[in-house]
Amino acid sequence: MTAMDTTPDTTAAKARPARPPRFQMLRRTLGTPKGIAGLALLGIVVAMAALAPILFPMGPWAMVGRPYTWPGDGPALLGTDVLGRDMTAAMFWGAQISLLVGLVSASVSLVIGIAVGACAGYFGGRTDAVLMRFTDAVQTVPSFLFTIVIVAVASPTIHSIVLAISLVSWPAVARLMRAEVLSVKKREFVQSCRIIGMTDLRIITTQVIPNALSPVIVIASVLVATAIITEAGLAFLGLGDPNVMSWGTMINLGRPAIRTAWYIALIPGGFVILTVLALNLLGDAINDAFNPHLRKR
Amino acid sequence: MGHYLRNRLLQAVVVILIIIVGNFILLNAVPGDLVDVLAGRGGDMDADLMASLRARFGLDDPLPIRLLDYIRNVLTGNLGYSWPHSQPVLDVVLQRLPATTLLVILSVITSVFIGTLTGVFAARKAHKLTDVILSMVVLVCYATPIFLTALALMLIFSVQLGWFPLSGLTTAGAEEGILATAADMGRHLVLPVVSLSLFYVAIYARLSRASMLQVLTQDYVRTARAKGVSERGVILGHALRNALLPVITMAGLQITELFGGAVLTETIFGLPGVGRLAYDAVFARNFPLLLGILIVCSFIIVIVNLLVDLLYMKLDPRVELTK
Amino acid sequence: MTLSTPICASADPVSHPAPILTVSDLRIETTGPQPAALLESVSFDIRPGETLALVGESGAGKSLSALAILGLLPPDAMRVAAGQIHLGRTDLATLSARQMRAVRGGRVAMIFQDPLGCLNPVLTVGRQITEALRLHKGLRGAAARARAVELLELVRIPEPRKRLDEYPHRLSGGMRQRVMIAIALAGEPELLLADEPTTALDVTISTQIITLLRQLQADIGLSILMITHDLPAVRMIADRVAVMYSGRIVETGIADAVFAAPRHPYTQGLLSARPRGAIAAGAAPLTEIPGAVPQPNERPSGCTFRPRCPRASALCAQERPAMPPATSGSKAACHHAGTSTDHARAF
Amino acid sequence: MTLTRRQMLLSSLSTVALATLAGRPAWATIDPVGHEGGTLTFVISPSPQILTSAMTTAGAEQVVSAKISDSLFTYDFDMNIQPQLATSYDVSEDGKTVTFHLRQGVKWHDGTPFTSRDVAYTCMKVWKVLHGRGRTIFKDVTEVQTPDDHTAVFVMTAPSPGMLKSLAAQQTQLLPAHLYEGTDPMTNPYNLKPVGTGPFKFVSFVSGDNLVLEKNEDYWDAGKPHLDKLVFRFVSDPATVTAGLESGEFDLVNQSLLPKPDLPRLEASGKFDITTKGYEFQNEMQMIEFNLDDPVMSNPKVREALAYAIDKQWLVDNVFFGYGKVANTPLHYQLTQLYDETDVPRYDYDPMKAVKLLEEAGYKRGTLELTVDPLPYGEYQNMTANYLREAFRGIGVKLTVRNEDFAGFVKRVYTDRDFQFTVNLLTGGSDPTIGTHRTYWSKSFAKGVGFSNGSHYDSPEMDKILEAASAEMDEEKRIGLYHAFQKLAMTDLPVLPLVAVESVTVANKRVHNHTINAHGTYADFAEVWVDPKA
């Protein structure tokens, strides 16, 4: 998504002689076939999310016809679901929820993970031991089970789902961050900041974190994708928020009818795959851009 | 070595304690308790019976006392009692463990084997058409949620084609005998294992392809070639072992994730595993059982992690026992 | 210079038997739609017991020549476009893959720059030596082990029996390079390709390794193709020198003669860039020669050294200087070769 | 059930053993046995946690335990008492003593003879103490005397007309005293490897997967059962159930455990026997429970408005696929003698009227926001709630659907009372006194007790009707009282009945006699046989 906002206009980019390296990185990301394919697919999903309120102002729940109308049999392009609601509208509105869940939970777990990892790596010693044992504990419990428990505790709403996903997915970020911070804090500029008497908080936020961030950014797309899959899995088990239309909820509704009307479960399933595929392609492209030596030989 | 093991086990104990305390507090924040569920299932309990059951189940003591009691019991190997099952928690968990263990072991073996093979093959054909096609297939597998794979496989192979049984671990009441039972279980496990594996095959394929490509650029591979080692010998004798290192780490993670995390697969294929048990325990508010599952799973995971570390050390002599 | 007298066991090329390696007009190109020549018209030969040093900056194509001899050019990226490589009378291009594997590590062995990276980190030293013994000598088990101990002794490694079971990361840098040499010697090769064998080592160790190579050469009559930009090492070990620049050999001759009176301006620059009286760390850039080696696809017309050459003339831009056909002494591919005798003042 | 009431009345006067209890009558509905042996695979869900229903009222436990363990009676479709372990009974004149004459020569599966001691133990130590409904039914029983091995005398402080209708195995299963006495029944190991007197013996149990039972060769009813093996499979996924039925992996499924959209296809295939009989004990009603403690819901105009906004026929057609009927009174239409719609206020779908009523109540279009808590049990309540969201949007009411799990729902609704209205599924039972009274009787409101008077409806008039009805022995008067009940309930509208649900049993046609009495698939299955050729 960050990549989207800064899609380089090639002519403008050429006109500018000195580009910041980060910008070059983006260009490199988006120039690859993977990057282009990822962006295009993601673009479709983003467009669906954006167009949902315009194309389907009645929301995803409006009942437009007989339940179990197959795609092509009635007015609804993708058929109707178990309650006669338009599957097309559900898919468009569902795109919003999937993206929202993905982005928000990835951001929250990035924030937690970066904070924990940076503190553990920077302070070391006892702080490190305490934080890492805590991280271990969260990681030792199978994450999907843990998500289920948290959602059950808080009862399934979109907020509790996002929170639960964030709460189980930060440890990977924390570990990565810690490893990176351990190497960054040995570097001269951090040492010199210490010597001039900067506070730890300032050093961490202005020096350490920015310089340790790149590998973490690389896994951000994976976090988003995992969050989308987890939400769908929860909804599939009936732990979805009934007041938002998510693809997982639709799969859950369609599952009992899978023999009679498999399209109800498989169409949203296809959209989940599409979105996750787009994110993975983009993630791969970003990864290649960050580690160009692995790209082509 | 002994020092290392002691340290690791000590860490494990701390981790498990954090898990117990954390989950104990978390679970007690849940609305409703076991008695509510029992009353609800039957539909007609009176307040007196509910109160007496709460007293029996130890649900009316204050939280800190229950927590301390619980920890004391766990330390003596007593994971508590699952009232609805009329059995000690450990017994209930142990009954469900074999199904999950089979599922996990089989899918780890399958996915590591096929995934690595695919990855190495793709790395050999890097950037050729075969590699591009394989990578695309792998990417789609990687993007497909496990429950969708499971659903699709069941729809095709059990429902439409009738090749595999729909649900369960064994054919109940089928003939006895170890071989017959094993074959029967095998048939029941094919689809769950395949659906769990497909995603991980994708992971291992990606991982081992990248790792193989990276290893193949290493100087020691060139040395081996300069020594006159055949291409096959280079791949199998020199590159693979190095390329396997990240695969081993991932396999450890996969086991961690699947023990208890295979809820969806167990649900779809009706397998009597711990994941499903844990899921049911959440909704039955059977917290001694849920905590017991978490503890048993954590214990297994700690052991697995230790084994993975030892294996990693065995495979990579550069890793030393530092802690 | 620490060593003033070059080893010259076989200084007279004329009296020598037929070369064991002959590279003639070798051309290596990149693959792809617009191939760029990485190596052009490279010719040299090595006679039994002789040491030839290929000298030049990084990117000159020295290592590529060695890899081409072993047929180890990365297949997706490069190919031999022209020229022949003869090992004795055998044209290596005619060999099957299996025959080529027998050559590698058998008749021709190679050692590399970074001995840590070149040893497989997950295999014991012994395993890596015995593998070569198994492949080329058919030795297995105890016999292979015993021979491995001998080889380690040969490369002067103390406690060889103990070292066999160790992993490379436990050894020091010099020790690792000795192990590499032991592996190379396992197949009892006629020719050793040494690609920057001392570059990654510190000065003392580097000297020890060069000394070891000299001793081995004396002991077992090894021919060596030494690839390096470590000029002091060249002085210590080389009989003849070939100077490479930008994919071509620009000067060749008896080592002493070249060192004493370099004819090509590039060689002159190279020699003057070396601080006298000290052996600098190998990888230091030759800052004294202005500019950089051009990329293969950006090579200028005519003489490729022209943009950096103080003597460049109009002729240099038009015509690429060829190597004179002289059979003895040093010769240089330069229109203005040898016009200055004092190479120190060439720049 | 009118008959039983009269019998009750009769016998309490005459103390005469009933002639009909002499032996099992030949029911017209029973198919003659065409084959002995074979295996029946029966799918239920969820997995039972223990294998006795003597101390729980959970459905899965009931289905399973009735095959293994008997009780004193069974009941035919008309709820007439049929003998099982009791061959006859006498009721004393004051109605406070009931004497059961037990069948002789019955043995527990472990060979120990069944005696009156077992009855006394189970009643006094288990039903009365640990069984949710048993605590009510047997609350007046002070003692069970055992003058001899085959006579059990229940001594009560007051007559208990409900008791004789509650002695079927799935409700009041008998336990072997010799294995339970002196132990804690809740932790007794035989809960998991039950020893009963029934037609099937326990073989193996894999929690969450399957339960295998085999024929009891020494069954007291000689010549039965006809099956060699009875296998229970616990399958939670409804789609799997249909698939298994169609592939022949499963023979029988009850309780509408498969997706309703599949039913038309199964029916059309002609390979299945689909019946809604055998649920006379249940009579489930889907209904909206308004929380009368909530300021919005306490306004009768709002409740009526919402009632008019709902197209109940749509729910019957689309959510229940026709397996059910629109409910216009709180009673299930299957209670034919009591059900009466005459002069009962109706709330037929009329959204315009709903809007008008809301405005009268002071809520302009678009100003009312409500939250519904559908019972998280099965998918139908949730689907109805989803329908309600759209239906209410049509009258300008924004409805939020809350999703919580079973325990959370019970706690929120019955303990915390933090809700506006539910979509609930309530079991009416074979008589209004069993299920329906609880919902409307002010005295059954108690915080923390699930599925009682969730509305907190408190009407002295209603209490009077209900109390009179439960004590009324005269059938005509009883019918009158329940008519008054139906009118009042639909006038005050604390609860809005939506659909009288029909549960479905689907069986492969090779299965015979799976539903031959009021217990349906909850019966003992002694008569069930499978046709290997079909």
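The values are calculated or read from the model by the stated rules, or taken from the named source; none is laboratory data. Remember, predicted model here, so these are calculated numbers, not experimental data. Note that we place each Cβ from the backbone using ideal geometry, even for glycine, and neighbour counts take in every protein chain shown.
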Item checked: Residue match in the stretch D:457-464 (condition: facing another protein chain (nearest Cβ under 8 Å) and basic (Lys, Arg)) -> no
Checklist line | Exclusive hit being under 18 Å from residue D:52 (Cβ atoms) and surrounded by fewer than 21 Cβ atoms within 10 Å (Cβ to Cβ), set B:48, B:69, B:91 | finding: B:91
Margin query: So, in the stretch D:405-419, how many residues would count as being farther than 18 Å from residue A:157 by Cβ and at the interface with chain B (Cβ under 7 Å from one of its Cβ atoms)?
Written below: 1
Next item on the list: Take the stretch D:202-221 and flag every residue that is more than 14 Å from chain B (Cβ to nearest Cβ) and assigned to a strand (DSSP E or B).
Entry: none
Notebook entry, point to check: What number of residues within the stretch A:209-251 satisfy the criterion of being farther than 30 Å from residue A:58 by Cα and buried (at least 24 other Cβ atoms within 10 Å of the Cβ)?
Noted result: 3
Check: For residue B:119, are the conditions met, namely being surrounded by 23 or more Cβ atoms within 10 Å (Cβ to Cβ) and under 26 Å from the mean Cα position of the chain (by Cα)?
Finding: yes
Notebook entry, point to check: Which helices (runs of 4 or more DSSP H) does the stretch C:214-277 wholly contain that include 2 or more residues that are assigned by TED's automatic domain parsing to the domain that holds residue C:178 and touching a residue at least 12 places away in the same chain (Cβ under 8 Å)?
Noted result: C:231-237
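This table checks each residue for (1) touching a His at 6+ places or on another chain (Cβ under 7 Å); (2) buried (at least 21 other Cβ atoms within 10 Å of the Cβ); (3) aliphatic (A, V, I, L, M).
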{"site": "D:268", "(1), (2), (3)": "no, no, yes"}
{"site": "D:296", "(1), (2), (3)": "no, no, yes"}
{"site": "D:301", "(1), (2), (3)": "no, no, no"}
{"site": "D:307", "(1), (2), (3)": "no, yes, yes"}
{"site": "D:315", "(1), (2), (3)": "no, yes, yes"}
{"site": "D:345", "(1), (2), (3)": "no, no, no"}
Notebook entry, point to check: Restricting to the stretch D:230-265, what's the tally of residues that are within 25 Å of residue A:254 (Cα to Cα) and more than 10 Å from chain A (Cβ to nearest Cβ)?
Noted result: 17
Next item on the list: Pick out, from the stretch C:51-140, the helices (runs of 4 or more DSSP H) lying fully within it that include 3 or more residues that are crowded, with 19+ Cβ neighbours inside 10 Å.
Entry: C:62-70, C:125-137
Note to self: Taking the criterion of being within 18 Å of the chain's Cα centre (by Cα) and either away from chain D (no Cβ under 14 Å) or among the small types (Gly, Ala, Ser) (or both), would at least one residue in the stretch A:255-264 satisfy it?
What the structure shows: no
Check: Restricting to the stretch D:81-98, what's the tally of residues that are closer than 15 Å to residue D:141 by Cβ, part of a strand (DSSP E or B) and among the hydroxyl-bearing types (Ser, Thr, Tyr)?
Finding: 2
Notebook entry, point to check: Hey, does the stretch A:180-193 have a residue that's buried (at least 24 other Cβ atoms within 10 Å of the Cβ) and within 14 Å of another protein chain (Cβ to nearest Cβ)?
Noted result: no
Notebook entry, point to check: Quick one: which of B:293, B:301, B:268 is more than 20 Å from residue B:197 (Cβ to Cβ) and within 10 Å of chain A (Cβ to nearest Cβ)?
Noted result: B:293
Note to self: If residue B:25 satisfies all but one of (1) under 30 Å from the mean Cα position of the chain (by Cα); (2) within 14 Å of chain D (Cβ to nearest Cβ), what's the number of the condition it fails?
What the structure shows: (2)
Next item on the list: Go through the stretch B:143-158 and give me each residue that's within 12 Å of chain D (Cβ to nearest Cβ) and surrounded by fewer than 21 Cβ atoms within 10 Å (Cβ to Cβ).
Entry: B:155, B:156, B:157
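Rundown of residues vs (1) over 27 Å from the mean Cα position of the chain (by Cα); (2) small (Gly, Ala, Ser); (3) part of a loop (DSSP other than H, G, I, E, B), yes/no style:
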{"site": "D:231", "(1), (2), (3)": "no, no, no"}
{"site": "D:246", "(1), (2), (3)": "yes, no, no"}
{"site": "D:257", "(1), (2), (3)": "no, no, yes"}
{"site": "D:266", "(1), (2), (3)": "no, no, no"}
{"site": "D:289", "(1), (2), (3)": "no, no, no"}
{"site": "D:297", "(1), (2), (3)": "yes, no, yes"}
{"site": "D:306", "(1), (2), (3)": "yes, no, no"}
{"site": "D:318", "(1), (2), (3)": "no, no, no"}
{"site": "D:331", "(1), (2), (3)": "no, no, yes"}
Check: For the stretch B:18-73, how many residues meet the condition of being in contact with a Pro (Cβ under 9 Å, 6 or more places away or on another chain) and hydroxyl-bearing (Ser, Thr, Tyr)?
Finding: 1
Check: Since residue B:178 meets every condition but one in (1) under 29 Å from residue A:277 (Cα atoms); (2) more than 9 Å from every other protein chain (Cβ to nearest Cβ); (3) surrounded by fewer than 22 Cβ atoms within 10 Å (Cβ to Cβ); (4) of a type outside the set (D, E, K, R), which condition does it not meet?
Finding: (1)
Next item on the list: Could you identify the single residue in D:352, D:383 that is surrounded by fewer than 16 Cβ atoms within 10 Å (Cβ to Cβ), hydrophobic (A, V, I, L, M, F, W, C) and on the phi < 0 side of the Ramachandran plot?
Entry: D:352
Next item on the list: Looking only at the stretch C:186-215, count how many residues are over 18 Å from residue C:52 (Cα atoms) and within 14 Å of chain B (Cβ to nearest Cβ).
Entry: 4
Check: Which of the residues belonging to the stretch D:435-452 are facing chain B (nearest Cβ under 10 Å) and surrounded by 21 or more Cβ atoms within 10 Å (Cβ to Cβ)?
Finding: D:435, D:438, D:449, D:450, D:451, D:452
Checklist line | Test result for residue D:78, touching a residue at least 60 places away in the same chain (Cβ under 8 Å), more than 27 Å from the chain's Cα centre (by Cα) and part of a loop (DSSP other than H, G, I, E, B) | finding: no
Item checked: Single unsatisfied condition, residue B:86 versus (1) without any contact (Cβ under 8 Å) to a residue 12 or more places away in the chain; (2) surrounded by fewer than 21 Cβ atoms within 10 Å (Cβ to Cβ); (3) more than 14 Å from chain A (Cβ to nearest Cβ) -> (2)
Next item on the list: Restricting attention to the stretch D:362-379, report how many residues are out of contact with any strand residue (DSSP E or B) (no Cβ under 6 Å at 6 or more places or on another chain) and over 12 Å from residue D:412 (Cβ atoms).
Entry: 9
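For (1) over 23 Å from residue A:228 (Cβ atoms); (2) of a type in the set (Gly, Ala, Ser); (3) touching an Asp or Glu at 6+ places or on another chain (Cβ under 8 Å); (4) at pLDDT below 65, each residue gets a yes or a no:
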residue: A:6; (1), (2), (3), (4): no, no, no, yes
residue: A:19; (1), (2), (3), (4): yes, no, no, yes
residue: A:31; (1), (2), (3), (4): yes, yes, no, no
residue: A:44; (1), (2), (3), (4): no, no, no, no
residue: A:55; (1), (2), (3), (4): no, no, no, no
Checklist line | Selection within the stretch C:168-184 - of a type in the set (D, E, K, R) and either closer than 14 Å to residue C:210 by Cβ or modelled with pLDDT under 85 (or both) | finding: C:178
Next item on the list: Only residues in the stretch D:219-247 that are free of Cβ contacts under 8 Å to residues at least 12 places away in the same chain count as the first member; pair them with residues that are in a loop (DSSP other than H, G, I, E, B) and polar (S, T, N, Q), Cβ under 8 angstrom, at least 6 apart or cross-chain, and list the lot.
Entry: D:237/B:167; D:240/B:167
